[in-house]
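Participant: Dropping the structure in here first, questions after.
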Amino acid sequence: QVQLVESGGGLVQPGGSLRLSCAVSGSIFSIMNMGWYRQAPGKQRELVADISISGITNYADSVKGRFTISRDNAKNTVYLQMNSLKPEDTAVYYCNARLSGMDSWGKGTLVIVSP
């Protein structure tokens, strides 16, 4: 069973930056597609960004140009660099791993963007 552990969340002012990390257990990280999702209070979980096995990235329109997803296969870790943060980015951010149509999730890390 794959385990995912997110870290890096916290309180930041508008315009600030945070980097989220997701450490993945096991030896199959390099063959999994990885993603970051978020869920704001009262809203559905939504895709923020994902990155394929080959490194192809995809972003939600709301974060394009501000967020960058990356992966380090040697460290079994996926990152989300978040710049120019806005109050509407406030949410719990979840790491996702997908392999053969099966999803694994972390428990989430809270990001609050507030003055």
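Participant: Please figure out what share of the DSSP beta bridges in the chain is antiparallel and state it in percent, rounded to the nearest 5.
Facilitator: Taking every DSSP beta bridge within the chain, about 95 percent pair in antiparallel fashion.
Participant: Can you tell me which lysines have their Cα less than 20 Å from the Cα of K75? Leave out same-chain residues fewer than eight positions away.
Facilitator: By straight Cα distance, K75 reaches K107.
Participant: Pick out, in residue order, every one of the trypsin sites (Lys or Arg not before Pro) in region 58-115 that is DSSP loop and has at most 13 other C-beta atoms within 10 Å; say none if there are none.
Facilitator: K64, K75, K107
Participant: Among rounded, prolate and oblate, which fits region 67-109 when a ≥ b ≥ c are the square roots of the eigenvalues of its C-alpha gyration tensor, a/c under 1.5 means rounded, and a/b larger than b/c means prolate?
Facilitator: Oblate, since a/c reaches 1.5 and b/c is not below a/b.
Participant: Would you work out if the chain is rounded, prolate or oblate? Take a ≥ b ≥ c from the square roots of the eigenvalues of the alpha-carbon gyration tensor; rounded if a/c is under 1.5, else prolate when a/b is larger than b/c, oblate otherwise.
Facilitator: prolate
Participant: Tell me which residues come under 5 Å, amide H to amide H, from G108 once H is placed; ignore anything under 5 positions away on its chain.
Facilitator: Answer set, sorted by chain and number: E6, C95.
Participant: Through the Karplus equation 6.51 cos²θ - 1.76 cosθ + 1.60, θ set to phi - 60°, convert the phi angles of region 48-53 into ³J(HN,Hα) values in whole Hz; use x for Gly and Pro.
Facilitator: 9, 6, 9, 9, 7, 4
Participant: Rounded if a/c is under 1.5, else prolate if a/b beats b/c, else oblate: with a ≥ b ≥ c from the C-alpha gyration tensor eigenvalues square-rooted, which is region 36-77?
Facilitator: Prolate shape, in that a/c is at least 1.5 and a/b is the bigger ratio.
Participant: About its Cα centre, what dipole magnitude does region 59-113 give when the only charges are +1 on Lys and Arg Cβ and -1 on Asp and Glu Cβ, stated in debye to the nearest 20?
Facilitator: Charge dipole of region 59-113: 120 debye, to the nearest 20.
Participant: Can you figure out the FRET efficiency of A23 with K64, using R₀ = 35 Å and their beta-carbon distance, to the nearest 0.05?
Facilitator: Plugging the Cβ-Cβ distance into 1/(1 + (r/R0)^6) gives 0.85.
Participant: Go ahead and run the numbers for FRET between S100 and R45, Cβ-Cβ distance against an R0 of 35 Å, rounding to 0.05.
Facilitator: Approximately 0.95, to the nearest 0.05.
Participant: Can you compute 3J(HN,Hα) from phi for each residue in region 66-81, using the Karplus curve 6.51 cos²θ - 1.76 cosθ + 1.60 with θ = phi - 60°, rounded to whole Hz and x for Gly and Pro?
Facilitator: 10, 10, 9, 9, 8, 9, 10, 5, 5, 9, 6, 9, 10, 10, 9, 8
Participant: A further question on this structure: Distance in nm between label sites at L110 and Q81, each 7 Å beyond Cα in the beta-carbon direction?
Facilitator: About 2.8 nm separates the two model spin labels.
Participant: Follow-up question, since we're still on this one. Rounded to the nearest 0.05, what FRET efficiency do S54 and S7 have when you use their Cβ-Cβ distance and R0 = 25 Å?
Facilitator: Plugging the Cβ-Cβ distance into 1/(1 + (r/R0)^6) gives 0.45.
Readers should treat all values here as calculations from the given coordinates under stated rules, not as data from a laboratory. This structure is a prediction, so every number in the text was calculated from the model and none was measured. Positions of Cβ are backbone-derived with ideal geometry, glycine not excepted, and every protein chain shown enters the neighbour counts.
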